[in-house]
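Contents: one structure, followed by commentary.
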Amino acid sequence: MQVEHIEVFVEEPSAEAALRILLPKIAPQLTASVYNLQSKTNLLAQLPYRLQGYSRWLQSNQRIVVLIDQDQNDCSELKSQLEAMAAGAGLVTKTASRTAAYQVVNRIVVEELEAWFFGDWASVCKAYPRVPTTIPRQARYRMPDAIPGGTWEALERVLQKAGYFGSGLRKIEAARAIAPYMQPEINTSNSFQVFRRTLVELISP
């Protein structure tokens, strides 16, 4: 049975704001409920109980997608932690399943959601026209998932240098401004493309 609906868990409001715009661009056939659990700590604490609840009623045409920032965590350890939570609730993950009958997909944003914006810099330029178009050609920004010093901090510095967000980056506002211009197919962030392919696979016959 083709997937028709996804339940998406994210750790902060800016991710929720971006996904509400991006999900219809990536997979318009899907309906989605996006749950912002306010912080990574809250997400990791609440997810086991949420998954246990889903194990009682999740339908065959529904999937759960967990999207979490890597931040300073070891990627493998964080993924293992998420996989164990799903297994503990009696749910099958995409990683653990050899078939399309999985129920949970765990995806890690490397390093933070703002990496996705660096991966489609043209969308940032459209939202904030004074920023330099040459940012992706600079060595420190060439790999969106490996920008040194923190991705949201890097985005804040670039925007402030161009005269935006003088009192600090307002992440929700930026997400709502940039996401409408994003073109999922051309994004150079590998973590974004892994996430995009996951959704495309869900709707593939």
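The values are calculated or read from the model by the stated rules, or taken from the named source; none is laboratory data. Everything quoted here is computed from the prediction, not taken from an experiment. When we count neighbours, we look across all protein chains shown, and the Cβ atoms used for this are built from the backbone with ideal geometry, even at glycine. Keep in mind that these areas ignore ligands, DNA and RNA; they rest on the heavy atoms of the full protein, side chains included. Shrake-Rupley method; radii C 1.70, N 1.55, O 1.52, S 1.80 Å.
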Can you tell me how many residues within region 77-90 are touching a strand residue (DSSP E or B) at 6+ places or on another chain (Cβ under 7 Å) and either farther than 16 Å from residue 54 by Cβ or open to solvent by 10 Å² or more (accessible area, probe 1.4 Å) (or both)? 3
Please work out which residue is most open to solvent (accessible area, probe 1.4 Å), limiting yourself to region 162-186 and to residues that are among the charged types (D, E, K, R) and either touching a residue at least 40 places away in the same chain (Cβ under 8 Å) or touching a Lys or Arg at 6+ places or on another chain (Cβ under 9 Å) (or both). 176
If you go through region 41-85 one residue at a time, how many are of a type outside the set (D, E, K, R), in a helix (DSSP H, G or I) and without any contact (Cβ under 8 Å) to a residue 24 or more places away in the chain? 8
For the structure I just gave you, tell me whether residue 115 is in contact (Cβ under 8 Å) with a residue 12 or more places away in the chain, over 15 Å from residue 9 (Cα atoms), open to solvent by less than 40 Å² (accessible area, probe 1.4 Å) and under 16 Å from the mean Cα position of the chain (by Cα). yes
Criterion violated by residue 157 - all others in (1) over 17 Å from the mean Cα position of the chain (by Cα); (2) closer than 30 Å to residue 57 by Cβ; (3) at pLDDT 95 or above satisfied: (2)
Can you pull out the residues in region 137-160 that are in a helix (DSSP H, G or I), in contact (Cβ under 8 Å) with a residue 24 or more places away in the chain and surrounded by fewer than 17 Cβ atoms within 10 Å (Cβ to Cβ)? 146
